[in-house]
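What follows is a short report on a single structure.
The values are calculated or read from the model by the stated rules, or taken from the named source; none is laboratory data. Source: prediction; values computed, not measured. Please note: Cβ atoms are built from the backbone with ideal geometry, for glycine as well, and neighbour counts cover all protein chains shown.
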């Protein structure tokens, strides 16, 4: 008990001595520089602290705002395009050429990775699909990455990377990443693809397509 009282008294005495020392220091500063100069110094220090602290407060506010911000919702039209791609993927995996071609406009123009330079019209594009499906025995599948969808009025686009894989009729496994862009037009409430562009990078030194690239 005595020890506790003694420590308390020592602390009070120390605080009193520190207060006296602070007052003595301030009086010396005022006498050396003058009251106005010291006040200006205080204002300068306060402003400096504000400039240091404000950016930190702003960054915290922005971080909180970004963290609490809700993700941008997909529009109904963008969801329709995503569904179109899903329907195409399922029909493609089934090798159902009728279901695939039903997703295209009558005047579709397609640029494929194989000759000719272009396919004009649904019947020409149907022949391209039939020739492609005929190469595969089973396990035909599609994977899409880095998908970008945009819609403006009755027109839309989808672009991205597409893995086309499966087992060829000779038993060989095939997996090739291609780049694709599809343009859509809304006709009587339905989104139809009126232009496809599928490509792979090429080595101009050898003149060969680069079919082993991966994202």
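So here's what we get for this one:
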{"quantity": "Test: residue in segment 125-134 that is surrounded by 10 or more Cβ atoms within 10 Å (Cβ to Cβ), at negative phi and at pLDDT below 50", "calculated": "no"}
{"quantity": "Residue in segment 197-210 that is closer than 14 Å to residue 88 by Cβ, in contact (Cβ under 8 Å) with a residue 12 or more places away in the chain, touching a helix residue (DSSP H, G or I) at 6+ places or on another chain (Cβ under 7 Å) and in a strand (DSSP E or B) present", "calculated": "no"}
{"quantity": "Only listed residue being free of Cβ contacts under 8 Å to residues at least 24 places away in the same chain, assigned to a strand (DSSP E or B) and under 26 Å from residue 104 (Cβ atoms), chosen from 185, 179", "calculated": "179"}
{"quantity": "When residues of segment 77-112 are limited to those that are closer than 16 Å to residue 197 by Cβ and exposed (fewer than 15 other Cβ atoms within 10 Å of the Cβ), the one farthest from the chain's Cα centre (by Cα)", "calculated": "107"}
{"quantity": "Meets criteria (at pLDDT 95 or above, more than 15 Å from residue 81 (Cα to Cα) and in a loop (DSSP other than H, G, I, E, B)) for residue 117", "calculated": "yes"}
{"quantity": "Of all residues making up segment 95-111, the number that are touching a residue at least 24 places away in the same chain (Cβ under 8 Å) and in a helix (DSSP H, G or I)", "calculated": "3"}
{"quantity": "Residues of segment 126-149 that turn out to be free of Cβ contacts under 8 Å to residues at least 24 places away in the same chain and within 34 Å of the chain's Cα centre (by Cα), as a count", "calculated": "4"}
